[in-house]
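Working notes for the structure below.
The values are calculated or read from the model by the stated rules, or taken from the named source; none is laboratory data. A quick note: this is a predicted structure, and the numbers were derived from the prediction, not measured. Glycine gets a Cβ as well: all are built from the backbone with ideal geometry, and neighbour counts include every protein chain shown.
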């Protein structure tokens, strides 16, 4: 098993759909993250969870809803997205959320029609 | 405002032609600096962490260095498989919960 696994790798959805992205980490880490990567922009932090508790929400629209049921799993629930939400969504984990190196998954490429 | 700037945006090298990528930062209270490699369609892969000015880390053909204002990623005798986008990120003392500030990256192409 690779360290951080994301599914699905590709997702196409309409603006009225509801879908979810899933992330699982096998590294025994205590912190998990969602990042958004758009073309020509730096990675943008969306959410941080530490020991299953959300500790950071960088003013993300409510159409993105995270869920962290345990320290190994992280979800991003998507609802009524906009075309500008099309991007690569990256999950990452780290030993803790004190600023240690992140380990990323392969990403979920989202296209909103 | 805390900022990370990477240059150049894109770099084309011939195989064996050594060069350096730059990451400059204007931040208050650097705690650590990270280098990542990202291949197309994949997530970033961790390369190095640097914590203090003067520190150096090496891995195969890559060497990362850190000063008080910038970091360099030196690539010695690159090969085509080194082609990727290289990302730099910093984490700050007192920064919000482990938030790394990323640069936009340098896209490196190495031609045989």
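Could you please find all residues in the stretch A:68-85 being closer than 15 Å to residue A:25 by Cβ and surrounded by 14 or more Cβ atoms within 10 Å (Cβ to Cβ)? Full working, then the answer.
Step one: of the stretch A:68-85, the residues closer than 15 Å to residue A:25 by Cβ are A:68-76.
Correct list: A:68, A:71, A:72, A:73, A:74, A:75, A:76.
Give the stretch A:30-47 a look and list any residue that's within 12 Å of the chain's Cα centre (by Cα) and within 15 Å of residue B:101 (Cα to Cα), or say none. Of everything in the stretch A:30-47, those that are within 12 Å of the chain's Cα centre (by Cα) and within 15 Å of residue B:101 (Cα to Cα) turn out to be A:33, A:34, A:35, A:36, A:37, A:43, A:44, A:45, A:46, A:47.
With a requirement of 2 or more residues that are facing another protein chain (nearest Cβ under 10 Å) and crowded, with 20+ Cβ neighbours inside 10 Å, the strands (runs of 3 or more DSSP E) lying completely within the stretch A:24-65 that satisfy it span A:31-37, A:44-50.
Against the conditions (1) surrounded by 12 or more Cβ atoms within 10 Å (Cβ to Cβ); (2) touching a strand residue (DSSP E or B) at 6+ places or on another chain (Cβ under 7 Å); (3) modelled with pLDDT of 95 or more; (4) more than 30 Å from residue A:9 (Cα to Cα), residue B:18 satisfies every one except (1).
If the condition is being within 11 Å of chain A (Cβ to nearest Cβ) and out of contact with any strand residue (DSSP E or B) (no Cβ under 8 Å at 6 or more places or on another chain), then the stretch B:41-62 contributes only B:42.
For residues that are within 14 Å of chain A (Cβ to nearest Cβ) and in a strand (DSSP E or B), scanning just the stretch B:8-23, find the one that is nearest to residue B:89 (Cα to Cα).
First, pick out the residues of the stretch B:8-23 that are within 14 Å of chain A (Cβ to nearest Cβ): B:9-10, B:23.
Subset that is in a strand (DSSP E or B): B:10, B:23.
Details: B:10: 17, B:23: 9 Å.
Going through the qualifying residues, I end up with B:23.
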